[in-house]
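A short worksheet on the structure shown next.
The values are calculated or read from the model by the stated rules, or taken from the named source; none is laboratory data. This structure is a prediction, so every number in the text was calculated from the model and none was measured. Reconstructed Cβ throughout: ideal geometry from the backbone, glycine too, with neighbour counts over all protein chains shown.
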Amino acid sequence: MVWGRRRRARRWLDGWEQVAETALPQWSLLDDRERARLGARVEHLVRRKHWEAARGFELTQEVVITIAASAGLLALGLDRDCYRHVKAVVVHPKTFTSHGVRATHVRGVVTRGPQRLLGHARDGRGPVMLSWRAVRRDVRHPERRQNVVVHEFAHKLDSADGLFDGTPEITDRADRAEWVQVCNREYRRLRRRPEPDPVLRRYATKSPAEFFSVASEVFLMQPLALEEHHPELYRVLCGYYGQDPAGRERHP
């Protein structure tokens, strides 16, 4: 079984760059060093994580590398082990249903009803679950500023310290204090804002955890717009993620 997984990983990784070039609108902006680093992230995810298809779906190179490349790009400036709590990636062909108790948009109110999902990664050490239909839609329409892979893997980064609170692992006390101050202020402003924000969609107001994941999507998908409208938020995201996507776009 181990040998079978290794052969499958080698098959997926063979020529991964061609898939990543199609999947990532940022590919042409990456220099050789960044592409090599991305390759290491992709290989780590493909070889070290358990990949599973749900409901009769089939894992292909396109599916696996598209997901691994998006998650790898988010982690380009982070430690290789940043996704240590991601044990498995489960890919559904389309939206899937979650059951059980969950929070609602109303503070203190929960529900047990079924929920249709495009992605899910809120179970601590549980798997990242994704709808391939949603992943492919985001690849084909980057102008939507949404990326379900980035969103769910950002949740895993957020929960690395055991909490889904919108604050990922930041070891430096001063940097962490600044992160909390800036993100709390931006989150409160967004919740009070009567009209739609130019870049952050309304879903970001659901909780600090969703704010972080939505902001992470825009950080990669529309960095110049985020830098223009939320410069302090963009700055602390640059500090945490160790990369400057807006700088890449200004100086391709």
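For region 148-174, a residue qualifies if it is outside any loop (DSSP other than H, G, I, E, B), surrounded by 12 or more Cβ atoms within 10 Å (Cβ to Cβ) and not small (Gly, Ala, Ser), and the qualifying residues are Val148, Val149, Val150, His151, Glu152, Phe153, His155, Lys156, Leu157, Asp158, Asp161. Taken together, the residues in region 154-192 that are modelled with pLDDT under 95 and of a type in the set (S, T, N, Q) amount to 2. Note on region 175-252: enclosed helices (runs of 4 or more DSSP H) holding 2 or more residues that are crowded, with 20+ Cβ neighbours inside 10 Å are 208-221, 223-229, 231-241.
Taken over region 4-42, residues that are surrounded by fewer than 17 Cβ atoms within 10 Å (Cβ to Cβ), part of a helix (DSSP H, G or I) and of a type outside the set (A, V, I, L, M, F, W, C) amount to 16. In the set (1) in contact with a strand residue (DSSP E or B) (Cβ under 9 Å, 6 or more places away or on another chain); (2) under 18 Å from Val149 (Cα atoms); (3) of a type in the set (D, E, K, R); (4) assigned to a helix (DSSP H, G or I), the condition left unmet by Glu52 is number (4).
Can you tell me which of Gly247, Gly239 is among the small types (Gly, Ala, Ser) and touching a residue at least 24 places away in the same chain (Cβ under 8 Å)? Just a single option satisfies the conditions, and that option is Gly239.
Among residues of region 72-95 that are among the aromatic types (Phe, Trp, Tyr), those with a beta-carbon under 7 Å from a residue that is part of a loop (DSSP other than H, G, I, E, B) at least six positions away or on a different chain give the pairs Tyr83/Ala75.
What are the pairs, 6+ residues apart or on separate chains, where a residue within region 166-177 that is at positive phi has its Cβ under 8 Å from a residue that is in a loop (DSSP other than H, G, I, E, B) and surrounded by 17 or more Cβ atoms within 10 Å (Cβ to Cβ)? Pairs that qualify, where the first residue is at positive phi and the partner is in a loop (DSSP other than H, G, I, E, B) and surrounded by 17 or more Cβ atoms within 10 Å (Cβ to Cβ), are Gly166/Ser207. Could you tell me whether any residue of region 50-69 is of a type in the set (Gly, Ala, Ser) and under 19 Å from Glu217 (Cα atoms)? Yes, region 50-69 has at least one match. Return a yes/no flag: does region 212-220 have any residue that is among the hydroxyl-bearing types (Ser, Thr, Tyr), under 27 Å from Glu34 (Cα atoms) and under 13 Å from the mean Cα position of the chain (by Cα). The answer is yes, given that some residue of region 212-220 is among the hydroxyl-bearing types (Ser, Thr, Tyr), under 27 Å from Glu34 (Cα atoms) and under 13 Å from the mean Cα position of the chain (by Cα). Restricting Phe164, Phe153, Phe212 to those that are in contact with a strand residue (DSSP E or B) (Cβ under 8 Å, 6 or more places away or on another chain), of a type in the set (Phe, Trp, Tyr) and under 19 Å from Tyr240 (Cα atoms) reduces the list to Phe153. Restricting attention to region 62-81, the residues that are at pLDDT 95 or above, more than 12 Å from Ala20 (Cβ to Cβ), over 11 Å from the mean Cα position of the chain (by Cα) and in a helix (DSSP H, G or I) total 1.
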